[in-house]
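So the structure is just underneath, and the comments pick up after that.
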Amino acid sequence: MAAAEPKPIRMVAGLGNPGAEYAETRHNAGFQTVDELARRAGVSYWKNQLGAEVALIKVGDAGAARGVREVVLVKPQSFMNTSGGPISKLCREHGIAPEELLVVHDELDIPAGDVRVKVGGGHAGHNGLRSIIDKLGSRDFSRIRFGIGEPPGRMSGADFVLKQLRGRDADNFADTVMRAADAAELALARGVVFARDHVNGAAAQNGKH
């Protein structure tokens with residue numbers, strides 16, 4: 001029996017840290033992916049709302065009024081560990097249920113270059129997800145898991161995720177941003193279960209590890 005499809009996504013929140021010093025780091029995978037979604041949608045204006053940068057886009061939806069659904073793009077400006085505050089406030093402001101939320105985040109436990117879609121689940125030690133679960137009081141949101149791999153040698157996880165990307169690492173990261181944005185667009189257009197079933201494992205098949 002096929003898994004039940006959650007409600008259509010109405011908010012995509014990318015996790016990261018504000019400020020130029022964090023812009024080109026692995027921990028800002030969510031910000032960069034949401035920025036790419038905004039670029040593809042022709043977004044020209046972001047507003048500051050409830051502790052986040054917010055933009056609105058429209059996606060095709062045969063079940064919605066006039067065949068389009070408004071989707072809120074969010075980049076919390078409160079730093080990763082307290083992302084749940086702005087996101088939960090915006091969900092209340094826009095009347096968005098947890099299962100209508102899609103969160104894009106970096107993932108140490110997934111090989112670099114791999115992108116996976118997940119429906120619900122725990123935080124697996126990710127402080128951004130932990131904050132969201134705490135503030136929403138729910139684990140029922142979906143996720144785009146942006147694989148960054150494990151740190152080399154004895155480098156700490158904190159140093160690894162906040163290290164400035166250069167050269168080939170930056171190029172590979174930019175390629176993964178594009179595929180994470182593709183996965184998010186698929187989730188918006190066809191639903192998160194469809195996206196999960198078609199995206200997960202694609203990196204392995206394409207030799208992206």
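The values are calculated or read from the model by the stated rules, or taken from the named source; none is laboratory data. Quick caveat: nothing in here was measured; it's all calculated off a predicted structure. Note: ideal-geometry Cβ built from the backbone for every residue, glycine included; neighbour counts use all protein chains shown. Just the protein is used for accessible areas: all its heavy atoms, side chains included, with ligands, DNA and RNA removed. Shrake-Rupley method; radii C 1.70, N 1.55, O 1.52, S 1.80 Å.
Some points to look at:
- Between Arg130, Arg116, Arg154, the GNM of the chain built on Cα springs shorter than 10 angstrom shows Arg154 fluctuating the most.
- Average Cα contact separation per residue, the chain, under 8 Å, 6 or more apart, as relative contact order %: 27 percent
- Percentage relative contact order, the stretch 51-111, counting C-alpha pairs under 8 Å, at least six apart: 26 percent
- Beta bridge orientation in the chain: antiparallel %, DSSP, nearest 5: 60 percent
- Per-residue ellipticity at 222 nm, computed for the chain from helices alone with -39500 (n - 2.57) per DSSP H run of at least four residues, works out to -11000 deg cm²/dmol.
- When each of Lys58/Lys135; Lys7/Lys47; Lys47/Lys89; Lys7/Lys58 is checked by Cα-Cα distance, pairs over 23 Å: Lys58/Lys135; Lys7/Lys47
- Computed over protein heavy atoms with a 1.4 Å probe, the accessible surface of the chain works out to 48 Å² per residue.
- Expressed as a whole percent, the accessible area of the stretch 1-153 that falls on carbon and sulfur atoms is 49 (1.4 Å probe).
- FRET efficiency for Val59 and Ala20, using Cβ-Cβ distance with R0 set to 30 Å, rounded to 0.05: 0.45
- On the basis of the beta-carbon distance and an R0 of 30 Å, Val68 and Arg92 show a calculated FRET efficiency of 0.80.
- Relative intensity, log₁₀ I(q)/I(0), of the chain from a Debye sum that treats every alpha carbon as a point, q = 0.10, 0.14, 0.16 Å⁻¹: -0.38, -0.77, -1.03
- Cα-based shape type of the stretch 88-209, given that a ≥ b ≥ c are square roots of the gyration tensor eigenvalues and the cut on a/c is 1.5: oblate
- Placing pseudo-labels 7 Å out from each Cα toward the beta carbon at Asp134 and Asn48 gives an inter-label distance of 2.4 nm.
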